[in-house]
Amino acid sequence: MDPDFTNEALRRAPRCPLLLYSLLAVSSSHKSRFLDDPVIARDYARYGEEYHEKCISLLLPMLSDNGSITDGAFLACSTILRWYEELSAPIHGRDDARHLLGGYASVAESFKQDLPWEGFRRAALWIHLRQDIFNAVINQRFGSLDSNTTTTQKEFNEILRHSIAVTDTAASVVAAELIAAYPDAKVILNYRKDLDAWHEKHCNMIRGLVPKDKLLEWTVKDRWGLLCKFLDKAVPDEPFASGWEDHETEVTKRYLMSPLSGVAVLSSVGIATGAIAYKTMW
């Protein structure tokens with residue numbers, strides 16, 4: 001996550017209902033996954049849906065205004081609500097990617113007007129582009145003519161060549177492909193006891209794909225010890241941030257924008273359109 005985007009979105013939110021409601025939608029939905037009380041969890045999930053609807057009521061009128069649609073807040077809101085969609089997909093059993101269309105509309109109009117990409121708008125643009133690429137990857141929209149949609153290590157290297165690890169949603173949805181492409185990689189399965197059926201199935205898939213000596217099933221309660229031993233790293237001389245209460249401000253900013261993933265893959269080799277469509281979908 002671009003720290004400039006995160007900090008600027010949080011700074012603007014108190015004065016921008018569009019950003020405020022979108023942030024509250026994502027954070028409410030995300031927090032609902034971590035609550036032990038199912039009644040309170042359902043309340044937070046409902047809050048997320050209500051804030052999402054408030055955002056939609058503000059976004060739709062803006063689609064008819066070329067000035068509003070190119071505003072950084074519109075594109076930023078579309079990217080934030082795209083995370084909300086990704087969070088909600090396992091629950092609803094589908095991902096319509098509707099908020100990507102809002103981003104397409106904003107970007108297309110910005111290029112049409114030849115507007116500069118600076119500051120907050122630039123940060124939002126890069127996030128939107130990453131979301132679009134990610135959506136293309138998981139839906140395999142770029143399959144070859146012979147219908148072979150297997151992603152090879154060479155193809156992954158084109159994207160990941162500067163990385164030593166992958167995590168978050170992108171890693172979880174292409175976990176099987178990554179494990180097949182990097183058979184020597186170590187895999188950390190961030191496991192929780194209160195998993196829903198979809199995540200339980202995902203965890204079982206990972207267990208079936210990864211050799212036991214390459215797999216660590218880990219929870220935040222395990223803290224540094226098991227994690228560092230598995231990765232052959234020294235234990236850091238600092239406390240482990242294990243929850244919302246420990247580092248409220250820092251953790252809120254980090255988790256506000258990023259859904260919980262189920263898998264992290266680490267390798268020793270260095271793992272290297274538009275407004276009308278958007279409007280008609282609501």
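Since every read-out is calculated from the coordinates, none of them should be taken as a lab result. Since the model is a prediction, treat every value here as computed from it, not as a measurement. Backbone-built Cβ (ideal geometry, glycine too); neighbour counts: all protein chains shown.
Which values, in whole Å and largest first, are the semi-axes of the equivalent ellipsoid of the stretch 3-139 obtained as the square root of 5 times each eigenvalue of the Cα gyration tensor? Write out the running numbers ahead of the final one.
Values: eigenvalues 133, 54, 37 Å².
Semi-axis lengths for the stretch 3-139 are 26, 16, 14 Å.
As a rough guide to protection, the peptides 66-75, 108-117 ranked by mean Cβ packing within 10 Å, highest first, stand as 66-75, 108-117. Computed from the C-alpha gyration tensor, the three semi-axes of the ellipsoid equivalent to the stretch 81-135 are 25, 11, 8 Å, from longest to shortest.
DSSP loop (so not H, G, I, E, B), at most 16 other Cβ within 10 Å: list which trypsin sites (Lys or Arg not before Pro) in the stretch 1-102 pass both filters. Passing both the DSSP loop test and the Cβ count: ARG94. Here CYS16, CYS228 are placed in order of increasing Cβ neighbour count within 10 Å, fewest first, which gives CYS228, CYS16.
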